[in-house]
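Below are the C-alpha cells for one structure; questions will follow.
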Amino acid sequence: MPIKVLAPELVSKIAAGEVVERPASVVKELIENSLDAGASQINVEVQGGGIGLIRVADNGAGIPASEAGLAFHRYATSKISNLADLGNIRSLGFRGEALPSIAAVAEVEILTQTSSDTIGSYLHLRNGDIVGKESRSRPQGTTITVRRLFRYLPARLKFLKSANTENSHIAHLVSQYALAFPEVRFSLLLDKHLSFSTTGNGDLRDVVSQIYGVEVAQGMLNLEEKGTLAKVSGLISLPSLSRSNRNYLSFFVNRRWIRSPLLTRATEQAYHGLLMDGKHPIAVINVSLPSEEVDVNVHPAKAQVKFRQEQAVFAGIEKAVKGALSRTPVASTRTVPLTITSWQWESPRMIRDNEPIFITPLPTIRLPVLRALGQLANTYVIAEGPEGLYLIDQHAAHERVLYERILAQWSQKQVEVQGLLQPISCELSPREEGILKASKEILTQFGFAIDLFGNRSYLIRAVPAVLVKANIIEAISMLLDNLASRENPSPWEERIAQSLACHSAIRAGQQLSNDEMRELIKQLEEAQQPRTCPHGRPTMIHLSSHQLEREFGRMG
Ligand code: ADP
Ligand code: MG
C-alpha cells in the first residue's frame with residue numbers, strides 16, 4: 001500500500017481511542033471539566049455500564065453560547081494559551097481533546113448556560129458533527145449526555161466487560177474524585193439506583209465514611225505534613241485496619257487523581273513491619289507541589305505524572321505517613337515472627353543447621369504415599385516418602401485440597417450451604433457493590449445469599465459451608481476484590497474457589513495433631529495438582545534421597 005495521509009475522520013477516531021478507553025474514561029473527562037468549571041455540585045448518571053447513557057450535570061461556570069460549538073473542536077481549550085502555560089498547569093484538563101474525542105465515538109448532547117448569558121445553548125452532535133442546535137435555558141452550569149458509546153467502533157465494544165463490571169469501574173472512579181474534592185457535592189446514579197452521594201461539606205472523613213463505610217472512617221488517622229517541597233495531607237488507616245490489595249490507596253497530586261508506583265511504595269514503606277505480609281493500608285493522600293515541579297503532560301488520559309524531584313517527593317510521603325503512625329498510641333506491630341520454635345519428631349532424628357537447601361523443581365504429578373514425621377514452626381509438616389524428605393506448607397497444601405473440593409462441588413451443583421441464624425450486615429463500597437451485582441448469579445451457585453438491605457448495606461444470610469469458621473466479612477471483601485482484579489486472569493469460578501479456600505484453610509502458626517497431619521497429607525495425595533497452591537506457589541519443598549546423600553558426603 002502506498003503511503004498516504006489518513007482522512008481526518010479516521011485520525012479523530014484513532015486519537016479518540018487514546019482518551020476514551022472505556023466508559024469510565026468518558027465519566028472521568030466530564031467530571032474533570034465540571035471541576036475545572038468550578039462546580040460545587042456534580043451529578044453523574046449512568047445506565048447499562050455507560051454504553052446506554054452517561055450524563056454529567058454540574059453547576060459550574062458554563063460555556064458562553066458563542067463558544068459552545070468550539071468546545072468540540074480538537075485542541076480547543078479555554079485552559080491554556082501558550083507554551084509557558086503548559087509548564088504551569090493548574091486545571092485538570094488542558095489538552096482540548098476530551099469533548100471532540102467523546103463526540104467522535106458517541107452521540108453527544110450538551111446544554112450549558114453561563115451567568116452572563118440570558119439564554120443557554122443546546123447542541124446535539126452525531127459522529128462529531130453538530131446535527132441540532134437551539135437556544136434553551138437552564139440554571140447556570142452544564143449538562144452533557146453521552147449515548148451509544150462505541151456503537152460504531154465494534155473493535156472497542158468487544159473489549160468491554162459486562163455492564164456491571166463497567167459500572168463498578170465508574171463507581172470506583174467517581175468515588176476517587178469525591179475523595180479528592182470533599183467540598184464538592186457528588187452523586188452517582190447507576191441504573192437508576194443511588195450508588196453514593198457526598199454532602200460537599202469539605203470534610204474528607206465524611207467522604208471516606210460515604211464510600212468505605214463508618215468503620216473505616218473511624219479507623220483513619222489524619223495526615224498533615226508541611227514539607228519544604230511537598231505538602232502532604234489526607235487520611236491513612238491504623239495498622240489494625242488493612243486490605244488484601246492496593247485498591248484502597250488513593251493519591252492526588254495537586255488534586256489530580258493519579259496512579260503512582262512511587263507514591264504507593266513510599267506509603268507502604270512507612271508501614272513496614274506494621275502490617276502482615278500481603279496486607280495493604282487504606283489511604284487517601286493529597287500532595288501539593290508547585291506546578292513547575294510536576295509534569296502532567298505524560299499521557300492523553302492524564303493518569304500519570306512525572307516529578308522533577310522524585311526522591312524528595314518519595315521522602316516527603318514516607319515521612320508524613322511515618323509521622324502520623326508514630327503519633328498514634330495504638331500503632332503496634334502485627335507481624336507474627338515465624339521463627340522456628342520446635343521440631344516435633346515422631347522418632348528422634350538429627351539434622352544439621354545452616355545447610356543450604358536445594359529445591360528440586362516439581363513436575364505436576366501425583367504424590368507418592370508419604371508418612372508424616374512432625375511439624376516445624378507450627379507451619380510446615382515434615383514428611384518422608386520413597387523419594388526422600390518433604391517439607392509441606394500446611395496452609396498452601398490445605399488451600400489446594402479445599403480449592404479442588406470446592407470447584408468439584410460447584411461443578412456437580414453440590415455446594416454445601418450454611419444458612420446464618422443471625423444474618424451478618426456489611427457495608428460495601430460503590431465498587432464492591434458493582435462487582436457483587438456483576439457476580440450475583442455465580443456467588444449464589446457457590447452458596448452465598450446476600451441481599452440488599454438499604455443504601456449499599458447488605459445482609460449476608462447464607463455462605464458456603466467451608467466459610468463458617470472464617471471471618472465472613474473479610475472473606476467476602478477479599479472475594480470481591482479478587483473478582484475485580486485485572487491482574488488475575490482466572491475465570492470467576494476459579495477466583496471464587498481461590499478466595500474461599502484461602503479463607504477456610506488451616507493457618508500458618510496453627511499446631512496440628514499427628515492425626516490432623518496424616519489427614520492433610522492423605523487429602524493432598526488425592527489432589528489433582530498437589531504440588532502448587534491455587535495461586536501457583538509451591539505447597540512443598542522436596543529434598544531427594546540423592547540430595548541428602550550428597551549433602552552428607554555419603555556419595556563416593
Ligand atoms: P480541556 O478540558 O482540555 O480544555 P475539553 O475538550 O475537555 O478540553 O473541553 C473543551 C473546553 O470546553 C474546555 O476548555 C472548557 O472551556 C469547555 N468545557 C467543557 N466542559 C465544560 C463544563 N462542564 N463547564 C464549563 N466549560 C466546559
Ligand atoms: Mg477536559
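A short reminder: the numbers here are calculations on the coordinates, not readings from a lab. As the structure is a computational prediction, the values presented were derived from the model and not from experiment. A quick note on method: Cβ atoms are made from the backbone with ideal geometry, for glycine too, and the neighbour counts reach across all protein chains shown.
Please list, or write none, the lysines whose alpha carbon is within less than 23 Å of the alpha carbon of Lys440, excluding same-chain residues fewer than 8 places away.
Lys158, Lys161, Lys192, Lys413, Lys469
Quote the FRET efficiency, to the nearest 0.05, computed for Phe552 versus Ser490 with a Förster distance R0 of 35 Å and r equal to the Cβ-Cβ distance.
About 0.25, to the nearest 0.05.
Further, regarding this structure: Rounded to the nearest 0.05, what FRET efficiency do Ile130 and Ala155 have when you use their Cβ-Cβ distance and R0 = 25 Å?
0.45
Which of the lysines could a cross-linker bridge to Lys79, judged by Cα under 19 Å and excluding same-chain residues fewer than eight apart?
Hits, sequence-local ones excluded: Lys28, Lys302.
I've got another one for you. When Thr267, Thr444 are ordered from fewest to most other Cβ atoms inside 10 Å of their Cβ, what list results? If you can, show how the numbers build up before the last one.
Working: Thr267 25, Thr444 14.
So the residues, fewest neighbours to most, are Thr444, Thr267.
Name the shape class, rounded, prolate or oblate, that the alpha-carbon gyration tensor gives for segment 1-72, where a ≥ b ≥ c are the square roots of its eigenvalues, rounded holds for a/c under 1.5, and otherwise prolate holds if a/b is larger than b/c and oblate otherwise.
oblate
Suppose every K and R has +1 on its Cβ and every D and E has -1 on its Cβ; what is the size of the dipole of the chain about the Cα centre, in Debye to the nearest 20?
660 debye
Moving to a separate point now. Using the charge dipole of the chain (Lys, Arg: +1 at Cβ; Asp, Glu: -1 at Cβ; taken about the Cα centre), state which of Ile473, Trp492, Gln409 has its Cα farthest towards the positive end.
Positive-most Cα among the choices belongs to Trp492.
How compact is segment 501-540 by the rule of thumb for globular proteins, expressed as Cα Rg over 2.2 N^0.38 Å?
Working: Rg = 10.7 Å, N = 40, 2.2 N^0.38 = 8.9 Å.
Taking the Cα Rg and dividing by 2.2 N^0.38 Å, one obtains 1.20.
Exposure proxy check: Phe72, Phe446 ranked by fewest other beta carbons within 10 Å?
Ranking Phe72, Phe446 by Cβ neighbours within 10 Å, fewest first, gives Phe72, Phe446.
Modelled label-to-label distance, Ile541 and Val468, 7 Å Cα→beta-carbon offset: nm?
It is 3.7 nm.
Can you work out the FRET efficiency for the pair Asp451 and Glu416, with r the C-beta to C-beta distance and R0 = 22 Å, to the nearest 0.05?
0.60
While we're looking at this one, here's another question. Quick one: if you stick a label point 7 Å off each Cα along the C-beta vector at Glu9 and Asp206, how many nm between them?
The modelled label-to-label distance comes out at 5.0 nm.
Once the dipole of segment 85-213 is set up with Lys and Arg at +1 and Asp and Glu at -1 on Cβ about the Cα centre, which of Leu86, Thr198, Leu173 lies farthest towards its positive end?
Of Leu86, Thr198, Leu173, it is Leu173.
If you don't mind, there's one more thing I want to ask. What number, in nm² with one decimal, is the all-direction average of the projected area of the convex hull of the alpha-carbon atoms of the chain?
Over all viewing directions, the chain projects a mean Cα-hull area of 34.0 nm².
Kirkwood Rh over Cα pairs of segment 433-500 into Stokes-Einstein at 20 °C, 1.002 mPa s: D in µm²/s?
In µm²/s, the coefficient rounds to 175.
Let me ask something additional. Can you tell me which lysines have their Cα less than 17 Å from the Cα of Lys226? Leave out same-chain residues fewer than eight positions away.
Lys319, Lys322
Also, I was wondering about something else. Please return the longest stretch of the chain lacking exposed loop sites, where GluC sites (Glu not before Pro) count only if DSSP places them in a loop and at most 14 other Cβ atoms lie within 10 Å.
With GluC sites (Glu not before Pro) excluded where exposed in loops, the chain gives 1-182 as its longest stretch.
Looking at segment 89-155, which trypsin sites (Lys or Arg not before Pro) are DSSP coil and have at most 14 other C-beta atoms within 10 Å of their C-beta?
Listed in order of number, the matching sites are Arg90, Arg148, Arg151.
Next question, about the same structure. What is the order of Ile258, Ile3, Ile424, Ile14, fewest Cβ neighbours within 10 Å to most?
Lowest to highest Cβ neighbour count: Ile3, Ile14, Ile424, Ile258.
Find how much the distance from Lys522 to Ser66 grows on full extension, using 0.36 nm per residue of separation minus their present alpha carbon separation; answer in nm with one decimal. All intermediate terms of the calculation are to be shown ahead of the outcome.
Working: separation 456, 0.36 × 456 = 164.16 nm, distance 7.85 nm.
Between Lys522 and Ser66, full extension yields an extra 156.3 nm.
By average Cβ neighbour count within 10 Å, what is the ranking of 186-192, 152-158, 204-210 from highest down?
Put in order of decreasing packing, that is 204-210, 186-192, 152-158.
Further question on the same structure: Divide by every residue of the chain the summed helix terms, -39500 (n - 2.57) for each DSSP H run of at least 4, and state the resulting mean residue ellipticity at 222 nm, rounded to the nearest 500 deg cm²/dmol. Don't jump to the answer; show the numbers that get you there.
Numbers: 16 runs with 184 residues, N = 556.
Result for the chain: -10000 deg cm²/dmol, rounded to the nearest 500.
Additional query: Once each part is reduced to its C-alpha centroid, what is the distance from segment 32-52 to segment 72-148 in angstrom?
13 Å
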